[in-house]
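Right, one structure below, let's go through it.
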Amino acid sequence: MDANKIIERIKNKKTVDDEWLEIREDILKFLHEEHPEEEKRLFRPFGYLEIVTMMCDGIERNDSKK
């Protein structure tokens with residue numbers, strides 16, 4: 001997967017909670033694959049991964065209260 005495609009998915013994200021969880025998994029997979037470091041820096045340390053993680057934490061906490 002391409003870093004810019006993942007970022008585009010984040011920017012065009014709708015309101016489906018499962019999509020946030022999928023994006024987080026795609027980012028984590030991307031970070032473990034062989035990609036240029038400048039692309040990986042888009043997601044860490046305070047990049048797009050932090051935004052997605054906060055959304056996923058809220059979703060998971062909300063689901064645990066149900």
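If the Cβ limit is 6 Å and pairs must be 6+ apart or interchain, which residue in segment 10-35 that is within 15 Å of E50 (Cα to Cα) and of a type in the set (A, V, I, L, M, F, W, C) pairs with which residue that is at pLDDT 90 or above and open to solvent by 50 Å² or more (accessible area, probe 1.4 Å)?
I10/Y48; W20/M55; I23/R9
Mind listing whichever residues of segment 45-55 are of a type outside the set (S, T, Y), assigned to a helix (DSSP H, G or I) and open to solvent by less than 60 Å² (accessible area, probe 1.4 Å)?
Of everything in segment 45-55, those that are of a type outside the set (S, T, Y), assigned to a helix (DSSP H, G or I) and open to solvent by less than 60 Å² (accessible area, probe 1.4 Å) turn out to be L49, V52.
When you scan segment 1-44 for helices (runs of 4 or more DSSP H) that lie fully inside it, which ones turn up with 3 or more residues that are touching a Phe, Trp or Tyr at 6+ places or on another chain (Cβ under 8 Å) and either of a type in the set (A, V, I, L, M, F, W, C) or surrounded by 10 or more Cβ atoms within 10 Å (Cβ to Cβ) (or both)? Give the steps one after another, and end with the answer.
Numbers: elements: 3-11, 17-32, 37-40.
Per the criteria, 3-11, 17-32.
The values are calculated or read from the model by the stated rules, or taken from the named source; none is laboratory data. Because the structure is predicted, anything quoted here is derived from the model rather than measured. Using ideal geometry, Cβ is built from the backbone for each residue, glycine included, and neighbour counts are taken over all protein chains shown. These accessible areas exclude ligands, DNA and RNA; they are computed on the full protein's heavy atoms, side chains included. Shrake-Rupley method; radii C 1.70, N 1.55, O 1.52, S 1.80 Å.
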